[in-house]
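**Student:** Structure in structure tokens, see below.
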């Protein structure tokens, strides 16, 4: 009997972690966001074997979730996050937050722009920290500690990810910052310059050479503001030749960025 149970357990393990396995899951649900006076659609990626184990997993919070997992809901192609993560280590939970449509700019910008408005990003980040993360930690087998919690996004999502990690390093130990819209408000530079770092943070920056002509210089300016306060090994900046501002760039770059961010060193 013990041998039979052992063989069943071994078979489950092989099915979950073998190359042919692909039993990850996307759960979609509505979640109240009192900080934003709305309901948010949340899309949670659960790794292969989540249902057959008692393990706890790191968590990545991502924005514009319509573009992460499904081409049918994506604006201009998906990131294929689930397909990428099914073949990568470590296994993680991804919590994707749908953008607010016409409120997207408002939610994903920490400071307003004279032309485009916005500036309600602090309330959006507070929603993640005060409402969504407690729900995830209570209802999913997450590792809730900061060193196991990342925030990740592109464009305005890159901007808000950077802001969230700076503003709340007690919550986010890692940030994936793809094609960040630092142009939206110069106040983000002053905010970074005046931030005191009580915790170490890992930042992965990405830019393509065929994006906005100021993007690469803006990222280098920001890194310059961080250099003397963040260990050099905790900042990585990747420039993709001929890379354009689109999901194709971010999809292709995600696996390498993920692996670098989730690599455990220096307590992160």
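**Student:** Which condition number in (1) over 15 Å from the mean Cα position of the chain (by Cα); (2) assigned to a helix (DSSP H, G or I); (3) under 13 Å from residue 163 (Cβ atoms) is the one that residue 128 fails?
**Tutor:** (1)
The rows are residues; the columns are (1) at pLDDT below 95; (2) within 14 Å of the chain's Cα centre (by Cα).
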| residue | (1), (2) |
| --- | --- |
| 144 | no, no |
| 167 | no, no |
| 173 | no, yes |
| 180 | no, yes |
| 200 | yes, no |
| 214 | no, no |
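**Student:** Next up: Looking at the range 229-250 only, could you name the residues that are without any contact (Cβ under 8 Å) to a residue 40 or more places away in the chain, assigned to a loop (DSSP other than H, G, I, E, B) and out of contact with any helix residue (DSSP H, G or I) (no Cβ under 8 Å at 6 or more places or on another chain)?
**Tutor:** The answer is 229, 230, 231, 241, 242, 244.
**Student:** Something else: Residue 30 passes all but one of (1) modelled with pLDDT of 95 or more; (2) surrounded by fewer than 14 Cβ atoms within 10 Å (Cβ to Cβ); (3) assigned to a helix (DSSP H, G or I); which number fails?
**Tutor:** It fails just one condition, (3).
**Student:** Taking only the range 134-154 into account, find how many residues are in contact with a helix residue (DSSP H, G or I) (Cβ under 9 Å, 6 or more places away or on another chain), over 19 Å from residue 169 (Cα atoms) and not in a loop (DSSP other than H, G, I, E, B).
**Tutor:** Residues meeting the conditions: 1.
**Student:** In addition: Evaluate the following for residue 78: is it at pLDDT below 95, over 25 Å from residue 198 (Cβ atoms) and touching a helix residue (DSSP H, G or I) at 6+ places or on another chain (Cβ under 6 Å)?
**Tutor:** Taking the combined requirement at face value, the residue satisfies it.
**Student:** Here's something else I'd like to know. Given the structure, is residue 131 buried (at least 23 other Cβ atoms within 10 Å of the Cβ), out of contact with any helix residue (DSSP H, G or I) (no Cβ under 9 Å at 6 or more places or on another chain) and either closer than 26 Å to residue 67 by Cα or modelled with pLDDT of 95 or more (or both)?
**Tutor:** no
**Student:** OK, next. Of the conditions (1) closer than 17 Å to residue 94 by Cα; (2) modelled with pLDDT of 95 or more, residue 36 fails just one. Which one is it?
**Tutor:** (1)
**Student:** Among the residues of the range 187-218, write down those that are in contact with a helix residue (DSSP H, G or I) (Cβ under 7 Å, 6 or more places away or on another chain) and surrounded by fewer than 13 Cβ atoms within 10 Å (Cβ to Cβ).
**Tutor:** 193, 214
**Student:** Additional query: Go through the range 155-180 and give me each residue that's surrounded by fewer than 24 Cβ atoms within 10 Å (Cβ to Cβ) and part of a loop (DSSP other than H, G, I, E, B).
**Tutor:** Passing the criteria: 155, 168, 169, 170, 171, 173.
**Student:** Quick check on my filter: what residues within the range 224-237 are buried (at least 16 other Cβ atoms within 10 Å of the Cβ) and either closer than 15 Å to residue 176 by Cβ or more than 21 Å from the chain's Cα centre (by Cα) (or both)?
**Tutor:** Matches in the range 224-237: 225, 234, 235, 236.
**Student:** Let me ask something additional. Filtering the range 65-124 down to residues that are touching a residue at least 60 places away in the same chain (Cβ under 8 Å), under 18 Å from the mean Cα position of the chain (by Cα) and not in a loop (DSSP other than H, G, I, E, B), which residue is surrounded by the fewest Cβ atoms within 10 Å (Cβ to Cβ)?
**Tutor:** 84
The values are calculated or read from the model by the stated rules, or taken from the named source; none is laboratory data. Since we're looking at a predicted model, the values are computed, not measured. Backbone-built Cβ (ideal geometry, glycine too); neighbour counts: all protein chains shown.
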